[in-house]
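The values are calculated or read from the model by the stated rules, or taken from the named source; none is laboratory data. Only a predicted model underlies this, so the values are computations on that prediction, with no experimental measurement involved. In this analysis, Cβ positions are derived from the backbone assuming ideal geometry, glycine residues included, and neighbour counts consider all displayed protein chains. Heavy atoms of the whole protein, side chains included, go into the accessibility calculation; ligands, DNA and RNA do not. Shrake-Rupley method; radii C 1.70, N 1.55, O 1.52, S 1.80 Å.
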Amino acid sequence: MSCDISVIVLTYFPDKCKLLSTLKSVLLQKNISYEILIADDGSDNFYKSEIEEIMEKYKFTDYKFVTHPKNQGTVINFYDAVKQAKGKVIKPISPGDYFYSEITLFNVLKFMKENNADIAFGNLVYYYLDGNFNSVNIKEPICDKPYFCYNNYNSGKIAKHLIKYSDFICGAALFYKTSVLLEGLSKIAGLVIYAEDSITQLFALEGKRILKTDEYVVFYEYGTGISTKKSNGSNRIFDDFLSFYGWLNRAFPKKKYINNAIKRFDLIRNNKKLRYYLYRLTLPDNNFYSLKQKFVLKNYKSNDYGLDFFNKVAGR
């Protein structure tokens, strides 16, 4: 039996408290039908019994486990869960990230239906805890105006923003139509290992509707994911992008900016930062966009949000 949304909780050696708080933020959602899939990527312990206890506590039965005996990487872990999902829309989420309010799923689904969105995203509250709640003033993408053009949508412009200017959408903010996501993941599974949200770039090139709602959707724990923590995660992401862009370059040979993006990523991946910046200077379009990004960020303040729901689910 289908439902409105499948929430896929992606786990890999999760923190128990964060995992249960994330699940609580899902279980408190109102006015919408949803299922929960816990997709674990080879953890020795992903707290199965504790998950079952919280489901019983909230009298929620529409959940399932999708597990892997060995680590497969984020994309395969995600893809295997999506293949078992019965919701019309997919929302991936990770332990430590929480929905913004008890009607977040309802609001986003309503937005997607009203605007015929294939992919949707909203604002994030980037945060970290050191005993106190601390917000981080980050905006991704930096220039989001094209995603608000609901009536005169231009996928080509969005593809340039994502690839030519590397102005990415944070994966924690994304919601996908299930049919669209399944088709896309089938193309990149095995090619991309960790950067599952890179698929939005393929969707833009294919002309899919990627739209933004100007509402907060998720409290995103900054500094713990593979793309934000200070470890070898950055190198893994660069490797993923180089592999992915090589495939995109073959699939869309007329898009010259894809090849330029490969050159930029290759330089920065090999720590040739000076050559990277010199190369950027040879691309006037990119150089202008970088200045525009700096201007937008200088005037951006991420503080118009509330913490009531966060405190409720995180037990603060």
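Within the range 167-193, restricting attention to residues that are in a loop (DSSP other than H, G, I, E, B) and surrounded by fewer than 18 Cβ atoms within 10 Å (Cβ to Cβ), which residue is modelled with the highest pLDDT? This residue is Leu191. With respect to the conditions (1) open to solvent by 40 Å² or more (accessible area, probe 1.4 Å); (2) not in a loop (DSSP other than H, G, I, E, B), Pro253 lacks only one, and its number is (2).
Can you go through Leu297, Leu283, Leu307, Leu267 and tell me which one is at pLDDT below 80, surrounded by 13 or more Cβ atoms within 10 Å (Cβ to Cβ) and among the hydrophobic types (A, V, I, L, M, F, W, C)? One residue alone meets the criteria, Leu283. Tell me the residue from Gly207, Gly171, Gly156 that is in contact (Cβ under 8 Å) with a residue 60 or more places away in the chain and not hydrophobic (A, V, I, L, M, F, W, C), please. Residue meeting the stated conditions: Gly171.
A search for C-beta distances below 7 Å between a residue of the range 86-102 that is open to solvent by 10 Å² or more (accessible area, probe 1.4 Å) and any residue that is modelled with pLDDT of 95 or more and part of a loop (DSSP other than H, G, I, E, B), counting only pairs 6+ apart in sequence or on different chains, returns Pro95/Pro14; Pro95/Asp15; Glu102/Leu28; Glu102/Gln29; Glu102/Lys30. None of Glu206, Glu215, Glu221 is over 18 Å from Leu162 (Cβ atoms), at pLDDT 95 or above and open to solvent by 50 Å² or more (accessible area, probe 1.4 Å) except Glu215. Restrict the check to the range 2-11 and report whether at least one residue is open to solvent by 20 Å² or more (accessible area, probe 1.4 Å) and modelled with pLDDT under 95. Among the residues of the range 2-11, at least one is open to solvent by 20 Å² or more (accessible area, probe 1.4 Å) and modelled with pLDDT under 95, which makes the answer yes.
A quick yes/no check of all residues on (1) closer than 27 Å to Tyr289 by Cα; (2) open to solvent by 10 Å² or more (accessible area, probe 1.4 Å):
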position	(1), (2)
Lys110	no, yes
Asn115	no, yes
Asn123	yes, yes
Gly131	no, yes
Asn134	no, yes
Asn137	yes, yes
Asp144	yes, yes
Tyr147	yes, no
Asn152	yes, yes
